Amino acid sequence: MNIKKFEFNMFPVNTYVLWDETKEAVVIDPGMFFSREKEELKQFIADNGLTVKHLLNTHLHLDHVLGNPYMMEEYGLKAQAHQADEFWLDGAVQQGRMFGFELEEKPVPLGKYIHQGDTIAFGNTKLEVFEVPGHSPGSVVFFNRESGDLIVGDVLFNGSVGRADLQGGNFNDLKQNIIGKLFILPNETVVHPGHGPSTTIGHEKMYNPFFTDISTH
């Protein structure tokens, strides 16, 4: 499986394109806001001859769904995400105003709900869905077991974890879900977060300051 990370600049946020030898692809957390960012993603998809089969959201905070309307317009795809985060879409316009800008397009309703144990298939690749609430009530991560890549949104970062003070967040839930669902994965699993650089499960178990009080080594 191949992964391309785009770092878009409104907040900023990491957007991921995943694809394999069949040229079928998924886009995760489209954070495009400016026209040049939309064109950058479109050009990459075209240059590589990719067919985007799924649009996925790890969660529905505004920065991770800014490009959802464009993906609907350009590729006819509605996002797949967890129902527990759906309320964030209803408040997206107000969220934008709080950050000092107007959304050009209203959020697109979800096309499908995803849950723990679901599998997202494209080409010869499968992504396993894990529910990891705490940053938001509907946070999910996507794991490709074959390649050892884990797309985590804002659940886990290099040396940190997602904030839990927004509506529906719960720090204790976040921490316990990371320990119980992510830290059981192989140490070499590559963690691709929604912001900042990638890391590994082994590195976070050993060095992440939020987990120094547990025995995970």
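For the residues V129, V140, V152, the requirement of being surrounded by fewer than 21 Cβ atoms within 10 Å (Cβ to Cβ) and modelled with pLDDT of 95 or more singles out V129. Out of H54, H61, H82, one residue alone is on the phi < 0 side of the Ramachandran plot, at pLDDT below 95 and crowded, with 20+ Cβ neighbours inside 10 Å. It is H61.
The residues listed here are T15, T58, T22; of these, the one that is closer than 20 Å to G168 by Cα, outside any helix (DSSP H, G or I) and either among the β-branched types (V, I, T) or in contact (Cβ under 8 Å) with a residue 24 or more places away in the chain (or both) is T58.
Might you check whether a residue that is in a helix (DSSP H, G or I), touching a Gly at 6+ places or on another chain (Cβ under 6 Å) and buried (at least 18 other Cβ atoms within 10 Å of the Cβ) occurs anywhere in the range 176-190?
For the range 176-190, residues in a helix (DSSP H, G or I), touching a Gly at 6+ places or on another chain (Cβ under 6 Å) and buried (at least 18 other Cβ atoms within 10 Å of the Cβ): present.
Which one is farthest from K106 (Cα to Cα), of the residues in the range 27-43 that are surrounded by fewer than 14 Cβ atoms within 10 Å (Cβ to Cβ) and not basic (K, R)? Only one residue tops the list, namely Q43.
The values are calculated or read from the model by the stated rules, or taken from the named source; none is laboratory data. Keep in mind it's a predicted model, so treat the numbers as computed, not measured. Backbone-built Cβ (ideal geometry, glycine too); neighbour counts: all protein chains shown.
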